Amino acid sequence: DVKVTQSSRYLVKRTGEKVFLECVQDMDHENMFWYRQDPGLGLRLIYFSYDVKMKEKGDIPEGYSVSREKKERFSLILESASTNQTSMYLCASSSPRQGSEKLFFGSGTQLSVL
Amino acid sequence: RKEVEQDPGPFNVPEGATVAFNCTYSNSASQSFFWYRQDCRKEPKLLMSVYSSGNEDGRFTAQLNRASQYISLLIRDSKLSDSATYLCVSSTDSWGKLQFGAGTQVVVTP
């Protein structure tokens, strides 16, 4: 089974702090994604990557950046956390070999920015 | 306006009954459609793809109406374990970039 591991289940940070959310997948998937999920809004795509060193903006990239130095790892960075970035962050991966639309999600990181 | 709209519910369904719900999509360029399932406090998981001709997977039937731009999911003989939030998903490409609806909550009661 594919395993997508996010480094923290719960995280509390202060406004202005730099925040790193880490995601690792163990199935050699080419595609990796970062979503945030908010009540009533559903999942919104922040950034995605189809290959190492490659990144593309999703629908709501403002205030975020990403890094993909290795195929298995995709990091989400909040350069200066703000209260409106309090959310559930979900990392996902997929592969064209299994169908790119079959996303495997991590269990999520609930981030609270105070 | 969100690209994928869903009735949030909840749909309260007696065990053994049938429940059906729709979602609408606004982007006519959408090519592919899916239903994901998300249990409470868990991550979403792919339930099924939605094909133009309609498709079944056990007790679940998905339909696509391109003319009216909506997708439906029908659950027959509901089980308690079907209680979850069902996420409607569309895609305009084949690279896995998906648009998620906010979900429809289904609660199956004994």
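Bear in mind these aren't lab numbers, they're just calculated from the coordinates by the rules spelled out. In this text, all values refer to a predicted model and were calculated from it rather than measured experimentally. Note that we place each Cβ from the backbone using ideal geometry, even for glycine, and neighbour counts take in every protein chain shown.
Residues are listed down the side, and each one gets a yes or a no for (1) facing another protein chain (nearest Cβ under 10 Å); (2) touching a residue at least 12 places away in the same chain (Cβ under 8 Å); (3) surrounded by 16 or more Cβ atoms within 10 Å (Cβ to Cβ); (4) not polar (S, T, N, Q):
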{"site": "B:19", "(1), (2), (3), (4)": "no, yes, yes, yes"}
{"site": "B:40", "(1), (2), (3), (4)": "no, yes, no, yes"}
{"site": "B:44", "(1), (2), (3), (4)": "yes, yes, yes, yes"}
{"site": "B:50", "(1), (2), (3), (4)": "no, yes, yes, yes"}
{"site": "B:67", "(1), (2), (3), (4)": "no, no, no, yes"}
{"site": "B:93", "(1), (2), (3), (4)": "yes, yes, no, yes"}
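For residue A:81, the conditions (1) surrounded by fewer than 21 Cβ atoms within 10 Å (Cβ to Cβ); (2) assigned to a loop (DSSP other than H, G, I, E, B); (3) in contact with a Gly (Cβ under 7 Å, 6 or more places away or on another chain) are fulfilled apart from (1). The number of residues in the range B:69-91 being away from chain A (no Cβ under 14 Å), in contact with a Ser or Thr (Cβ under 6 Å, 6 or more places away or on another chain) and assigned to a strand (DSSP E or B) comes to 2.
Is it the case, given these coordinates, that residue A:24 is in contact with a helix residue (DSSP H, G or I) (Cβ under 9 Å, 6 or more places away or on another chain), touching a residue at least 40 places away in the same chain (Cβ under 8 Å), of a type in the set (Val, Ile, Thr) and buried (at least 16 other Cβ atoms within 10 Å of the Cβ)? No, not satisfied.
Quick one: would you say residue A:15 is in a loop (DSSP other than H, G, I, E, B), in contact with a strand residue (DSSP E or B) (Cβ under 7 Å, 6 or more places away or on another chain) and in contact (Cβ under 8 Å) with a residue 40 or more places away in the chain?
Values: in a loop (DSSP other than H, G, I, E, B): yes; in contact with a strand residue (DSSP E or B) (Cβ under 7 Å, 6 or more places away or on another chain): yes; in contact (Cβ under 8 Å) with a residue 40 or more places away in the chain: yes.
Yes; evaluated as a whole, the condition is true for this residue.
Starting from residues that are under 16 Å from residue A:84 (Cα atoms) and assigned to a strand (DSSP E or B), keep the ones in the range A:18-42 and report whichever is farthest from the other protein chains (Cβ to nearest Cβ).
Just the residues of the range A:18-42 that are under 16 Å from residue A:84 (Cα atoms), to begin with: A:18-19, A:35-42.
Of the ones still in play, those that are also assigned to a strand (DSSP E or B) are A:19, A:35-38, A:42.
On the way: A:19: 20, A:35: 8, A:36: 11, A:37: 8, A:38: 9, A:42: 4 Å.
Step by step, filter the range A:18-42, then rank; the result is A:19.
Residues that are touching a strand residue (DSSP E or B) at 6+ places or on another chain (Cβ under 9 Å) and more than 14 Å from chain A (Cβ to nearest Cβ) occur at least once in the range B:95-106.
This table checks each residue for (1) part of a strand (DSSP E or B); (2) within 14 Å of chain B (Cβ to nearest Cβ); (3) free of Cβ contacts under 8 Å to residues at least 60 places away in the same chain.
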| position | (1), (2), (3) |
| --- | --- |
| A:44 | yes, yes, yes |
| A:52 | no, no, yes |
| A:60 | no, yes, yes |
| A:66 | yes, no, yes |
| A:88 | yes, yes, yes |
| A:99 | no, yes, yes |
| A:102 | no, yes, yes |
| A:112 | yes, no, no |
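Do the conditions hold for residue B:28, that is, is it assigned to a loop (DSSP other than H, G, I, E, B), more than 10 Å from chain A (Cβ to nearest Cβ) and small (Gly, Ala, Ser)? Yes.
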